[in-house]
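Single-structure report; data block below.
The values are calculated or read from the model by the stated rules, or taken from the named source; none is laboratory data. Note that the structure is a prediction, hence the values are computed from the model and not measured. So basically every Cβ, Gly included, is an ideal-geometry build from the backbone, and we count neighbours across all protein chains shown. These area figures cover heavy atoms from the full protein model, side chains too; ligands, DNA and RNA do not enter into them. Shrake-Rupley method; radii C 1.70, N 1.55, O 1.52, S 1.80 Å.
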Amino acid sequence: EVTLLEPKASYATCFFSNLYLAGLRSFGSLVHGYTTLADRYGIRVFHDHAVSVDPVAKQVRVGGGTELPYDRLVVAPGIAFDFAAIEGYDEAAAEVLPHAWIAGPQTELLRAQLESMDDGGLFLIVAPPNRFRCPPGPYERASLVAYYFKRYKPRSKVLILDAKDSFFPQDLFQDGWARHYPGMIEWLPAQFTGGIEAVDVSGRTVKTAGSSFEGAVVNVIPPQRAGEIAQQAGLADASGWCPIDPLTFESKLQPGIHVVGDATDAGDMPKSAFVANSQAKACAFAIAAELTGSERAASHLFNTCYTFLSADDAVSDATIFEASAGTVTVRDRFLSAVGDSETMRREAAREAQGWYAAFTHDVFG
């Protein structure tokens, strides 16, 4: 028997949500349900919050007080935010200066703020330190918001205040910005600003070590760690992330519990949706082998991502990973390059739409 414990009745994908911010996709197109998993595959879908995990009794307690027993537990806690890292930024502040890094109401709030912003205003993005969900995400967001501005608010600008001195893949983004949005996007690394220190919610101001920056719309993406249930269950170490066996994704700290997705400390694997899906399949095969006593299949770990620089300019990243010396390393990678033809980039943008449809079908049925 398989039970899926999921607090939400539907899921909005964070991937492709930047296209919604740019006006290139509806919010409804990002939302997926769980009924197919129940109706077609016989999975028991239980909509509630996991409150605690008891690894000794092998039980999960949910918000309503029910205790769900398990033989094997898989947790996908996602991310939690370190609200203490930036003075003045907490859950209440996020209702004014949205992070929009967990898709849903926050994404719609940020879109509404961009729509109501006067032409000539400044969109301010605070990009987080490593490691965080979807490494290209903040820079794709800057690109697609600039695309929206270019069409509807051409006097507006985008300023990125970064907690880092570099980002992936920086050369591709800066080339795209120069080609599509000259003079519209500015990126300030930590070595220039001295780092992000505080926000003033009422003034929509971000304070760095050396200056203050005021935006008409401010998108603060705070530092991240594994979701709260991972912390409660003792699955995360001092890094804030969950160490796992790279072959089975079983926790190195709590035997019998597997961790997949953004919460994992999985070596070179980025925190992307496709990686989470790849990890989940390796985990499922390992659990099936354990429960049936059959031979364990070799794991195949991949990542395929598309990142948009404009509506018809996308870059692709296809990576093959392998388990090596107790962690996960890159074995082979294809990454778009500066200087790719316009035809290649347009084709990648077209392929990305098909990728989204196929991938979400694979996940949700």
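The requirement of being more than 30 Å from LEU73 (Cβ to Cβ), of a type in the set (Asp, Glu), out of contact with any helix residue (DSSP H, G or I) (no Cβ under 8 Å at 6 or more places or on another chain) and surrounded by fewer than 19 Cβ atoms within 10 Å (Cβ to Cβ) is satisfied by ASP175.
Evaluating VAL328 against the criteria (1) crowded, with 18+ Cβ neighbours inside 10 Å; (2) closer than 23 Å to ALA38 by Cα; (3) over 17 Å from the mean Cα position of the chain (by Cα) leaves one unmet condition, (2). Tallying residues that are within 22 Å of the chain's Cα centre (by Cα), under 29 Å from MET344 (Cα atoms) and of a type outside the set (Gly, Ala, Ser) within the stretch 275-318 yields 15. The residues in the stretch 331-365 that are of a type in the set (Gly, Ala, Ser), open to solvent by 40 Å² or more (accessible area, probe 1.4 Å) and either touching a residue at least 60 places away in the same chain (Cβ under 8 Å) or not in a helix (DSSP H, G or I) (or both) can be counted, and the count is 3. Scan the stretch 11-26 and give yes if some residue there is assigned to a loop (DSSP other than H, G, I, E, B), open to solvent by 60 Å² or more (accessible area, probe 1.4 Å) and within 30 Å of VAL218 (Cβ to Cβ), otherwise no. Yes, that holds for at least one residue. Would you please name the residue that is farthest from VAL53 (Cα to Cα), looking only at residues in the stretch 226-239 that are out of contact with any Phe, Trp or Tyr (no Cβ under 7 Å at 6 or more places or on another chain) and open to solvent by less than 10 Å² (accessible area, probe 1.4 Å)? Per the criteria, the residue is GLY227. The condition of being of a type outside the set (D, E, K, R) and over 30 Å from LEU110 (Cβ atoms) holds for ILE320.
The number of residues in the stretch 69-94 being of a type in the set (D, E, K, R) and either touching a Gly at 6+ places or on another chain (Cβ under 6 Å) or closer than 21 Å to SER212 by Cα (or both) comes to 2. Could you go through the stretch 256-277 and let me know if any residue there is in contact (Cβ under 8 Å) with a residue 60 or more places away in the chain, more than 20 Å from ALA80 (Cα to Cα) and out of contact with any helix residue (DSSP H, G or I) (no Cβ under 7 Å at 6 or more places or on another chain). Yes; the residues of the stretch 256-277 include at least one that is in contact (Cβ under 8 Å) with a residue 60 or more places away in the chain, more than 20 Å from ALA80 (Cα to Cα) and out of contact with any helix residue (DSSP H, G or I) (no Cβ under 7 Å at 6 or more places or on another chain). Evaluate the stretch 287-296: report whether one residue or more is outside any helix (DSSP H, G or I), at pLDDT 95 or above and either charged (D, E, K, R) or farther than 25 Å from ALA358 by Cα (or both). Checking the stretch 287-296: not a single residue is outside any helix (DSSP H, G or I), at pLDDT 95 or above and either charged (D, E, K, R) or farther than 25 Å from ALA358 by Cα (or both). Here the condition is being part of a loop (DSSP other than H, G, I, E, B), in contact (Cβ under 8 Å) with a residue 40 or more places away in the chain and open to solvent by 20 Å² or more (accessible area, probe 1.4 Å); of ARG131, ARG151, it holds for ARG131 alone. Name the residues in the stretch 82-103 that are of a type in the set (Gly, Ala, Ser), more than 16 Å from GLY23 (Cα to Cα) and surrounded by 17 or more Cβ atoms within 10 Å (Cβ to Cβ), would you? Correct list: GLY88, ALA93, ALA94. Being among the acidic types (Asp, Glu), surrounded by 15 or more Cβ atoms within 10 Å (Cβ to Cβ), at pLDDT 95 or above and under 26 Å from ARG151 (Cα atoms) holds for only one residue in GLU108, GLU6, and it is GLU108. Scan the stretch 214-238 for residues that are among the charged types (D, E, K, R) and closer than 23 Å to ASP162 by Cβ and jot them down. Listed by number, the residues that qualify are GLU214, ARG225. Of all residues in the stretch 52-89, those satisfying the criterion of being part of a strand (DSSP E or B) and aliphatic (A, V, I, L, M) are VAL53, VAL60, VAL62, LEU68, LEU73, VAL74, VAL75, ILE79, ALA80.
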